[in-house]
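Visitor: Quick one: this structure, given as structure tokens, is what I'll be asking you about.
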């Protein structure tokens, strides 16, 4: 794994830096006195003569300021986030955060639901699972419309409908998100990171939901999403929604006297005669 360096690459130099060199204002050897550069008469250790036209005094000061700031930020990053994941380079200031992060790679799920076989890497996920699957509790309520949910992030996402706010911006594209977690998931499209791994094959994914769906389709053949109109069932919720639109289109004929709908006009006519015509009652 590449470790951050405390000697940053200098950017913004005249005519670029084709060799991608790094620079330091420290003497190369202890006790060695630095010589002044012939072009700019400075002693910061940057060889201004390697650039096509040298650098002016103002440019030199700017370069040195950038170099100093870069080194300061690099040292700050290493000092303030000393705990590093050996698998992906994730850094954090807290050992507990690193331990929690490591579970993404190890697959360890130390928290278990006492009502079913569900397990999770974090206790908050267990609490949310219990509310959603077992108690039906929905403590997060929208004050605008009464929408309620068991998940705080769902409420935050719902509030976009009312506020339109998307404060988290991707630095690589125009994507904007309502939450930091959504932005983190999106960023994996740019970084290529796939922290979730299938236990049964080599498949990896950017989101846990994709792993769950993969397992149902490729390994267990489980199809938990069922149509209430026919015998159709599927492993994908999106496929069920798409299928249900067929039934909605099929029942295009609606009775104007009750809620009855039909796929064919003659069924609707028959319904009207039987249910709403006086002579047939």
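Visitor: How do 266, 118 line up, fewest other C-beta atoms within 10 Å first?
Guide: Ascending number of Cβ neighbours within 10 Å: 266, 118.
Visitor: Just the projected area, averaged over all directions, of the convex hull on the alpha carbon atoms of the stretch 118-221: how many nm²? Can you show the working numbers first?
Guide: On the way: hull surface 34.0 nm².
Value for the stretch 118-221: 8.5 nm².
Visitor: Please state the shape class of the stretch 104-173: rounded when a/c is under 1.5, otherwise prolate if a/b exceeds b/c and oblate if not, all from the C-alpha gyration tensor.
Guide: Judged from the Cα gyration tensor, the stretch 104-173 comes out oblate (a/c at least 1.5, b/c at or above a/b).
Visitor: Dividing the alpha-carbon radius of gyration of the stretch 196-249 by 2.2 N^0.38 Å (N being the number of residues), what value is obtained?
Guide: Normalised Rg, Cα atoms only: 1.31.
Visitor: Once the Cβ-Cβ distance between residue 226 and residue 184 is put in as r, and R0 is 25 Å, what FRET efficiency do you end up with, to the nearest 0.05?
Guide: 0.15
Visitor: What nm distance separates the two modelled labels at residue 110 and residue 254, each placed 7 Å from Cα along Cα→Cβ?
Guide: 5.5 nm
Visitor: Neighbour counts of other C-beta atoms within 10 Å: give me 200, 183 arranged from fewest to most.
Guide: Numbers: 200 11, 183 18.
Final ranking by Cβ density, sparse to dense: 200, 183.
Visitor: What is the Cα centroid distance between the stretch 94-141 and the stretch 213-259, reported in whole angstrom?
Guide: 29 Å
Coordinate-derived values only; no laboratory data. Every value quoted in this text rests on a predicted model; they were computed, and no experiment measured them. Neighbour counts are summed over all protein chains in view; Cβ atoms, including those assigned to glycine, are modelled from backbone coordinates with ideal geometry.
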